[in-house]
Amino acid sequence: MPPKRRGSKRKLNSGEGAETESPAKKKVESKKNSEKSSALPEFCHWLMKSEPESRFENGIDVKFGIEDLKALPNQTGCWDGVRNYQARNFMRNMKEGQLAFFYHSNCKVPGIAGVMKVVKEAYVDHTQFDKNDVHYDASSRPENPKWSMVDVQFQRMMKRFIPLAELKERHLEHRASGGPLKDMALFTRARLSVQPLTSEEFDFVLSLEDQQP
């Protein structure tokens, strides 16, 4: 569940190596280098899901649609409540100024409603420590927080709503023909609430708003 507001920047620390390395040390360094080489590829566009219709968890309505983002001060809010490690890692890869589609999910007609911009890079998601919040995580500690969030700002509505059914139809066509949506995460990693998009995928989806469904 996305936006509320607030937070401080998250920073990463880097370590230093010793002059003489033991076999164990070399093994650790080798593992670190392997992890770096298998790091997430660079993406510059995103698709982020939120629920535009009321749904209550522990008495709290988790509804947050694009109109709710527009209604916030400066049309800006924090995308909090992400509790999937892969989705979290994608948010940690986001850069200020990058664009994302606001996707309405878990509703009568799911699909892409508009475009927003990342205006603050990943920092600690405060809701993981709030016992009254539906996204409270008792296993997370302030000295080593598990979860992050970014701030996003509304940019514009799509010229027309792009429904999931239309995107799926294009995906199936492109999977057969080799088009830009053949590997779109919306269908290959469907359960993720935060998904990466290639520039080709983003541009193609954006072009659909000027076409008749």
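The values are calculated or read from the model by the stated rules, or taken from the named source; none is laboratory data. Note that the structure is predicted; figures quoted are calculated from it, not measured. Heads up, the Cβs are rebuilt from the backbone with ideal geometry, glycines too, and the neighbour counts pull from every protein chain shown. Surface accessibility is based on the protein's heavy atoms, side chains included, excluding ligands, DNA and RNA. Shrake-Rupley method; radii C 1.70, N 1.55, O 1.52, S 1.80 Å.
See the values below:
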{"item": "Probe 1.4 Å - accessible area at I66, Å² to nearest ten", "result": "0"}
{"item": "Extension gain, R191 back to D137 (0.36 nm per residue minus Cα-Cα distance, nm)", "result": "17.4 nm"}
{"item": "Segments 135-144, 185-194, 78-87 sorted - mean Cβ within 10 Å per residue, highest first", "result": "78-87, 185-194, 135-144"}
{"item": "Reachable aspartates and glutamates from K168, criterion Cα separation under 20 angstrom, eight or more residues apart if same chain", "result": "E51, D183, E200, E201, D203, E209, D210"}
{"item": "Rounded Å value of the spacing that divides the Cα centres of segment 146-162 and segment 75-124", "result": "6"}
{"item": "Loop GluC sites (Glu not before Pro), segment 51-125 (other Cβ atoms within 10 Å of the site Cβ: 11 or fewer; DSSP)", "result": "E96"}
{"item": "Ranked packing of 146-153, 113-120, most packed first, by mean Cβ within 10 Å", "result": "146-153, 113-120"}
{"item": "Å² of accessible area per residue within segment 60-213, as computed with a 1.4 Å probe and no ligands counted", "result": "47"}
{"item": "Pairwise FRET efficiency - N106 versus M157, Cβ, R0 = 25 Å, nearest 0.05", "result": "0.80"}
{"item": "Model label zone, D203; criterion: amide N under 16 Å from point 7 Å along Cα-to-beta-carbon; scope segment 99-119", "result": "99"}
{"item": "Inter-probe distance in nm under a simple model that places probes 7 Å from Cα toward Cβ, at K70 and D210", "result": "2.2"}
{"item": "Portion, in percent, of the accessible area of segment 114-191 that falls on carbon or sulfur, probe 1.4 Å", "result": "48"}
{"item": "Cross-link pairs beyond the 24 Å C-alpha cut-off, checked among K49/K120; K146/K182; K70/K120; K70/K159", "result": "K146/K182"}
